[in-house]
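For reference, the structure is listed below as structure tokens.
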Amino acid sequence: MFCFSGLMGNAYLQGFISFEDVAMDFTWEEWQVLEDAQKTLFKDVMLETYNSLMFLGQSIAKPAVIFKLEQGGDPWTLEELPSLSLPG
């Protein structure tokens, strides 16, 4: 985990940041309504966030979502989707 410290209001904060603390999650339904540019931005930000944490010395196993994004995929595979009636 990455250690941080800083001021917030009058309180002094100190603690650790994990990838899960800063990662964004979309439901499958939310992902379907995003425009292509929004999906691309999400992918770029998630990869940059992970790379930044690694650069700062955070030692964690690579999250599955990062593997998928590095390979150009979406955050989910068909097997991970909720039980839905898919058209066709």
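Quick notes on this structure:
- Long-range neighbours under 8 Å by Cβ, at least six apart or interchain, first residue more than 14 Å from Lys68 (Cβ to Cβ) within region 34-45, second open to solvent by 40 Å² or more (accessible area, probe 1.4 Å): Leu34/Phe26; Val45/Met24
- Residues being aliphatic (A, V, I, L, M), out of contact with any helix residue (DSSP H, G or I) (no Cβ under 7 Å at 6 or more places or on another chain) and surrounded by 12 or more Cβ atoms within 10 Å (Cβ to Cβ) - total across region 23-55: 4
The values are calculated or read from the model by the stated rules, or taken from the named source; none is laboratory data. Just so it is clear, the model here is predicted, and its values are computed rather than measured. Methodologically, a virtual Cβ is constructed for each residue, glycine included, from the backbone with ideal geometry; neighbour enumeration extends over all protein chains shown. Areas reflect the complete protein model, heavy atoms only, side chains present, ligands, DNA and RNA absent. Shrake-Rupley method; radii C 1.70, N 1.55, O 1.52, S 1.80 Å.
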